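What follows is calculated from the coordinates using simple rules that are stated; it is not laboratory data. From a predicted model like this one, the values you see are computed outputs, not experimental measurements. Every residue, glycine as well, gets a Cβ built from its backbone with ideal geometry; the counts of neighbours run over all protein chains shown.
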Amino acid sequence: MNTTPAIRLTGAGCRFGHHQALSGVDLIVHEGERVALLGASGAGKSTLLSLLNGSIPATDGVVEVFGQDLAGLSSGRLRALQRTIGTVSQRLDLIEQVRVLHNVNAGRLGSWSLLRAVGSLVWPRPDDQIRSALHRVGMEWALHERTERLSGGERQRVAIARLLVQSPGLILADEPVSSLDPTRATETLDLLRAPAEKATLMVSLHQPELARKHCTRAIGLREGSLVFDVPIAELTDALLGDLYALT
Ligand SMILES: Nc1ncnc2c1ncn2[C@@H]1O[C@H](COP(=O)(O)OP(=O)(O)OP(=O)(O)O)[C@@H](O)[C@H]1O
Ligand SMILES: [Mg+2]
């Protein structure tokens, strides 16, 4: 049995200038867990997700993903690891001026040869994989739409479709349903479980009821520190009250 955790943080922290955005985070997440990341605005949720996908280096402690210490990896090995990590960032990181097809196609370029990837960047093929991903997010109609014309919720769904074609082992999703109506939000969180049955999910959410419905575990961040880490059944209103209380 493979016991290497998907994620292991040991005393992990991140400082921006004089501001300590995250400090002393110890966390182990095993394959297949679905972890809700909760906390008020500015608590450090996006920073934590950025440490995990290697887009920001930790300034303290150790960040390991699938047993690999990110700080010790060459840029080539880091890129290879990043291909197995699917990120839906809070900004979505879609290319605005191109068609939806191009943005969804971008999810699979990392697993292709350079030649095939470059060719497909210029002329992506709307094949079954892309159509099916768009169909699953209810956006098949938008295949040839220009991305900049879409609403906020539609763009979030395109970002999820891009993730579906990447089929990552670890999914890091930063408020992926913030612009969606309640029905779409539930559907979309269901989809985040779908790319691979054993995929590990860490998702930041501002709605505890969605965490209860879709996740197996909840962690709470407050002013950059981990203040609770509980199985989802133990996510009480009291914990949430403390988490969001104004200081
Ligand atoms: N690149 C950066 N440079 C300087 N400060 C930053 C940077 N990124 C984040 N911070 C600061 O770090 C703290 C944590 O920010 P972060 O974006 O992780 O919060 P968050 O929990 O994701 O909040 P939200 O719910 O509003 O998205 C904030 O005080 C923020 O201003
Ligand atoms: Mg954030």
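Quick notes on this structure:
- FRET efficiency, Ser178 to Glu209 (Cβ-Cβ, R0 22 Å, nearest 0.05): 0.95
- Solvent-free Debye scattering, log10 I(q)/I(0), computed from the Cα coordinates of the chain at q = 0.08 Å⁻¹: -0.30
- Projected label distance in nm at Ala71 and Ser55, using a 7 Å step from Cα toward the beta-carbon: 2.2
- Fewest-first sequence of Arg8, Arg184, Arg146 by Cβ atoms within 10 Å of each Cβ: Arg146, Arg184, Arg8
- Choice from Gly86, Gly32, Gly72 showing the highest fluctuation, given a GNM over the chain with Cα pairs closer than 10 Å: Gly72
- Estimated vicinal HN-Hα couplings, Hz - region 223-236 in sequence order (Karplus 6.51, -1.76, 1.60; Gly, Pro = x): 6, x, 10, 6, 10, 8, 8, 9, x, 4, 5, 9, 7, 8
- With a simple spin-label model that places each label point 7 Å from the Cα along the Cα-to-Cβ direction, the separation between Thr4 and Arg116 comes to 2.4 nm.
- Here region 103-247 is treated as a Stokes sphere of Kirkwood radius computed over C-alpha pairs; at 20 °C and 1.002 mPa s its diffusion coefficient rounds to 127 µm²/s.
- As a calculated quantity, the FRET efficiency between Ser132 and His18 at R0 = 35 Å, using C-beta atoms, amounts to about 0.15.
- Stretched out straight at 0.36 nm per residue, the stretch from Asp242 to Asp229 would grow longer than its current Cα-Cα span by 3.3 nm.
- Sparsely packed GluC sites (Glu not before Pro) within region 181-247, loop by DSSP, other Cβ within 10 Å at most 12: Glu197
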